[in-house]
Every structure is written in C-alpha cells, then in structure tokens.
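One structure is given below, encoded as structure tokens.
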Amino acid sequence: MLSAILERSPSVTPCAVVASIPHGGTWIPSQFSNDLVVPVESLYSDAWTRELFAFLPEIGVRVVEAVGSRFISDPNRDPASPMFAPFFVGTVASTNSTGELLYRSEPSVLELRSRIEFLYEPYLRAVDRAVSLVRHEHDPALVLDMHSFGMPLDADIVLGDGNGVTATTAVVDAVAEAFERVGFRVARNLRFSGGWIVRRFSDLPEIDAVQIEVNQRCYADSRAVEEQRRPLTLDSAKFRETAGRLCEALTQICSPL
C-alpha cells in the first residue's frame, strides 16, 4: 500500500527549520472510505497548502507532509483525544467541519486503530525524525506547522504558539516581522493557538515550534471560501503572488537560524 506520508529533504544547504504540512492531503484508501456517506472530495482540507509551500526544500527546509487525508486520522490531535468524535475533537473525525455526519456506522476499534497506525503515528514519527536530523547541526531548531483557514478572521496569517508556551517571544516576533515585511496582516493565537504538533515540543527549550495559518482568501476564490465550497477553487493569480510572498518571508525566517 502507498504511504500516507511524504518526507522531502532540502535541495540546498539545510537550515534550522522543519516544516510540517499535516492537513493538505486528500487521499483516502478505499478500506477507509467504503462506509462514507459523503463524497471524498467534499471533505475539508487545508486546500492547496502542499502546493503553496512547494518551494520549502529549495530554501533549505526539511518538510514532512501528509498525502493522506486528515479524515483517515488527524496527527494534530492530542493522543488523549477520543478515537472517534466530531471534527474538532476526534483523532478520527465522525463529522465534517460543518457538523455533517460522515459514516453509515461507527468504525470498529480495530479499524480506528488501523487508521491511527496508517497516518497519525507515522506522521509524528516522521516529524521527530526530521527534527532529529536538523538538531545534529542546529541549536535551537524551529518547527513550523503549516495550515490554512477559511473562517472570517481579520488576518492574513495567524501564528499559534500555545499562548506563549511552544516558542520564545523572540522567535515568534521574528516570524511575525518576516511576514509583515512582505505585506501580510499578522495576528497571534487568534482562534488558532497551536495544535498537538507544536504543543508536543513545549517542554523542549532547544526546539521552538509555531503553527502558521494562512487565510485561504489570499490564494483561493473568495466566494468559494465564504460559501465553504469543496473542493475549493484556486485563484491562480492570487496563488502565485501569495506563494511568492510566503517564499520571501520564509527565506528571511530561515536565514538567521
């Protein structure tokens, strides 16, 4: 069976940054989708984030990304989360982001366990492996967890640091300033303060971790975002412009590390 995880090595001299893109995948193997009562393409994803950040290896960043859908199992959920529960709670989501029920019947404990073994656990192991590789050469290391949002928030970029527990103030300030220099409106911990991927590094002073949320209106059709259409419609011109600014900002972030 194909892997749900893709690990990408830097194509230039590696910097101190590991990037995680956990919610950009849309693939669900048939054994996990047979009981769905909605089309796979209607399921929520951080649309186009894998493509938006495709440049990362070219600026020295080691990348871990999910090819598989978060609806297989969600690596950004605390391991104490219920195995099967609504979208914002469960490791395996029983509903879509709008509360729509997804399955004819609840998966068995055996299937839920197989979903977690297929994506959740390998994803976090891959992130740890990438961090370990970076830590051989850099101190401290920086983990950036890349997401996107469609909620009507007054920001282009939302940075989440667990309200001050996953990264130092100096690091978050530097990340914010890099995005602001290229024209993004930046907010901190606005609705998104960071999920399990960044919070699991909270007690490791040698690693700073920041969740980065990009407003989908910056690169997708705004009407499609407002109407929560799935799949989301890309605006090619806005996408190119936004990807260019993201590359410029992240190059600045990587340079001093």
FRET efficiency for L204 and D173, using Cβ-Cβ distance with R0 set to 25 Å, rounded to 0.05: 0.80
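Calculate, in whole percent, how much of the Cα-Cα pair population of segment 120-243 lies beyond 19 Å. Before the final figure, lay out the partial values.
Values: 4024 of 7626 pairs.
Percent of Cα pairs beyond 19 Å in segment 120-243: 53.
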Ascending count of other beta-carbon atoms within 10 Å, so fewest first, for W196, W48: W196, W48
222 nm mean residue ellipticity, helices alone, for the chain (DSSP H n ≥ 4; -39,500 (n - 2.57); rounded to 500): -8000 deg cm²/dmol
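Taking 0.36 nm per intervening residue step and subtracting the Cα-Cα distance, what contour gain separates R129 from A237 on full extension? Walk me through the numbers on the way to the answer.
Numbers: separation 108, 0.36 × 108 = 38.88 nm, distance 3.58 nm.
Once the chain is fully extended between R129 and A237, it gains 35.3 nm.
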Cβ-Cβ FRET estimate between E111 and E58, R0 fixed at 51 Å, reported to 0.05: 0.85
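What fraction of the DSSP beta bridges in the chain is antiparallel, stated in percent and rounded to the nearest 5? Kindly include the intermediate steps, with their values, before the conclusion.
Details: 11 of 34 bridges.
Given both bridge residues lie in the chain, the antiparallel proportion sits at roughly 30 percent.
Are there trypsin sites (Lys or Arg not before Pro) in segment 191-239 that DSSP marks as loop and that have at most 16 other Cβ atoms within 10 Å, and which are they? Don't jump to the answer; show the numbers that get you there.
Details: sites: R191, R199, R200, R217, R223, R229, K238; in loops: R191, R200, R229.
Loop-located and lightly packed - R191, R229.
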Residue order, fewest to most beta carbons within 10 Å, for L101, L159: L101, L159
Cysteines without a disulfide-compatible partner [the chain; Cβ-Cβ under 4.7 Å]: C218, C247
Amide proton proximity set for G25, modelled H, under 5 Å, gap of 5+: A66, R70
Antiparallel bridge percentage (DSSP; both residues within segment 1-76; nearest 5): 45 percent
Label-point separation, R191 to E7 (7 Å along Cα→Cβ), nm: 3.4 nm
Candidate values [x] 59, 45, 35; [y] 59, 40, 33; [z] 51, 41, 33, label of the one derived for Cα extents along the principal axes in Å: [z]
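Which FRET efficiency value, to the nearest 0.05, do you get for N34 and R181 by plugging their Cβ-Cβ distance into 1/(1 + (r/R0)^6) with R0 = 45 Å?
On the way: r = 49 Å, r/R0 = 1.08.
Working from the Cβ atoms, E equals 0.40.
If you count the DSSP beta bridges with both ends in segment 118-257, what percent of them are antiparallel, to the nearest 5? Don't skip to the end; give the middle numbers.
Working: 5 of 17 bridges.
For segment 118-257, the DSSP antiparallel bridge percentage is about 30.
Computed from the coordinates by the stated procedures, all read-outs in this text should not be read as laboratory data. This structure is a prediction, so every number in the text was calculated from the model and none was measured. Please note: Cβ atoms are built from the backbone with ideal geometry, for glycine as well, and neighbour counts cover all protein chains shown.
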